[in-house]
Structure formats: structure tokens, C-alpha cells
Amino acid sequence: MPSLKSAVLALAATFPMLSLAESAIEYNYVQASFAKSQMDSPYSEDTESTTGTAFTLKKDLGYKVVAGVTGRFLELKERFEEEDTRYGADLDQRTLTVSLDRYFEVSPTFHIVPGLSYSEIKTDLVTKFQRTDVEFFYDVSSVTYTNSSAFNLMTRYRLSEGSPFELSGTVSYATGEEEDSVILDLSAEVNISDIVSGRFSVRQDFESDYPEYLYSVRVYF
């Protein structure tokens with residue numbers, strides 16, 4: 001959906017860098033996340049564990065508009081061995097996402113946040129097959145680039161203005177080069193101090209059989 005990318009870039013250029021009056025829910029922060037999930041094996045019906053990291057910067061531009069940039073890194077390493085053969089797969093995926101959101105204050109502690117995002121995705125996959133009896137080795141490497149646009153609808157709810165607890169939920173409809181998908185993200189946040197919080201999230205892409213679990217540290221500024 002190229003029109004979504006154009007909309008994100010056009011809106012980002014429209015709003016100047018202005019501050020907004022203080023609210024119980026903040027949008028200026030940096031976040032580091034560690035993710036764990038499962039992925040189908042390229043060689044069998046088994047599943048393999050994947051690990052990932054993500055780094056996010058969110059900035060309130062004023063007029064209740066929030067810009068965001070996220071860098072995401074996913075890794076899968078699999079080794080499979082039979083009597084006279086060995087298999088291996090190394091997958092590295094890197095995603096860069098830019099987003100633009102507009103939040104609406106139902107109350108200081110409850111916001112509804114629709115937004116748009118655009119992602120560029122690069123995937124490197126190296127597969128290896130080795131016949132140990134004849135010393136034959138075969139190596140295939142592929143690099144793919146894809147793009148994805150998404151419409152997101154998020155709600156953020158804090159129990160009270162002074163509460164350390166916050167709940168959020170996001171539903172995203174994403175369209176890409178291969179197929180469309182619906183993604184659900186549910187998060188709980190605990191404020192450790194005035195500027196640092198810990199978050200736990202469960203993310204489910206309904207095109208995948210396996211949820212993703214994210215453990216994050218968020219620093220507000």
C-alpha cells in the first residue's frame with residue numbers, strides 16, 4: 001500500500017516540533033526490547049526458538065502527534081543431523097519502521113491512538129547441507145527485501161494519574177508484498193521510577209502459529 005507510506009511522510013512534514021501540556025500518559029521515550037518466539041523449521045515439522053531485539057524512539061511533536069522510529073533484529077540458528085548428513089540454517093532479519101500516531105485524550109489516564117506505519121524488511125538466509133560420507137558441501141544464501149504498511153489502533157490506560165501501572169492494547173492491519181495480516185499486541189507496564197519503567201508484551205500475528213513475548217525497558221525524557 002504505497003499510499004500509506006506517502007501519508008506517513010506527508011504528515012511527518014506537516015507538524016512542527018512543538019511541546020504539549022503535561023499528561024498522565026507520556027509519549028517521549030526510548031525503549032529497548034528483548035523478544036522470544038518460535039518458528040517452523042525449514043527441514044522438519046519441529047519448531048525452533050528465535051530471539052530478537054528492538055530499539056524504539058518515540059517523540060511527541062505537539063498537536064497530540066507522535067513520531068516513532070524502531071529498529072528490529074531477529075535471529076534464528078538451526079542445526080539438524082542425521083546418520084550421514086548435516087543441515088544448518090542461519091536466518092537474520094532486520095526491520096526499520098517509521099510511524100506517525102495521533103492520540104485522543106478520553107481522559108488524562110485513557111488515550112485512544114490511531115496511527116500509520118511503514119516498514120522496510122531485509123532477510124538473509126544461509127542454508128547448509130553436508131554429506132559427511134563423501135565430503136560434499138552445499139551452501140545457499142539469499143537476501144530478500146520487503147516492505148509493509150500498517151494501520152494501528154492502540155488504547156493506553158493508566159489506573160490513575162499517579163499510578164505506576166499502565167495497560168495498553170494495539171490492533172494492527174498490515175499489508176505487504178506477500179500477504180496481509182492482523183496483529184494483536186497486549187502490554188502491561190510498571191513504572192519503576194519517574195523516568196524508568198518495565199514492560200511485558202504478548203504479540204500475536206494471526207498469520208503465524210506462535211506468539212511473541214517481549215521484555216522491555218522504557219526510559220522517558
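The values are calculated or read from the model by the stated rules, or taken from the named source; none is laboratory data. Treat the numbers as computed from the prediction; the structure is a model and nothing was measured. When we count neighbours, we look across all protein chains shown, and the Cβ atoms used for this are built from the backbone with ideal geometry, even at glycine. What goes into the accessible areas is simple: the full protein's heavy atoms, side chains included, and nothing from ligands, DNA or RNA. Shrake-Rupley method; radii C 1.70, N 1.55, O 1.52, S 1.80 Å.
Assorted remarks:
- The stretch 165-221, subset within 17 Å of the chain's Cα centre (by Cα) and among the β-branched types (Val, Ile, Thr), residue farthest from residue 46 (Cα to Cα): 217
- Those residues of the stretch 73-88 which are open to solvent by 60 Å² or more (accessible area, probe 1.4 Å) and either in a strand (DSSP E or B) or small (Gly, Ala, Ser) (or both), in sequence order: 73, 75, 77, 79, 80, 81, 86
- Test result for residue 27, modelled with pLDDT of 95 or more, outside any strand (DSSP E or B) and either open to solvent by 70 Å² or more (accessible area, probe 1.4 Å) or out of contact with any Cys (no Cβ under 8 Å at 6 or more places or on another chain) (or both): yes
- Filter pass, residue 121 being surrounded by 18 or more Cβ atoms within 10 Å (Cβ to Cβ), of a type in the set (A, V, I, L, M) and either modelled with pLDDT under 90 or touching a strand residue (DSSP E or B) at 6+ places or on another chain (Cβ under 8 Å) (or both): yes
- Matching residues in the stretch 168-207 - criterion: being at pLDDT below 95, over 28 Å from residue 146 (Cα atoms) and surrounded by 13 or more Cβ atoms within 10 Å (Cβ to Cβ): 191
- Any chance residue 193 is assigned to a loop (DSSP other than H, G, I, E, B) and over 22 Å from residue 117 (Cα atoms): yes
- Residue in the stretch 157-167 that is open to solvent by 40 Å² or more (accessible area, probe 1.4 Å) and within 22 Å of residue 38 (Cβ to Cβ) present: no
- Residue match in the stretch 105-114 (condition: under 22 Å from residue 198 (Cβ atoms), of a type in the set (A, V, I, L, M) and at pLDDT 95 or above): yes
- Tally, over the stretch 89-117, of residues that are of a type in the set (Gly, Ala, Ser) and outside any strand (DSSP E or B): 0
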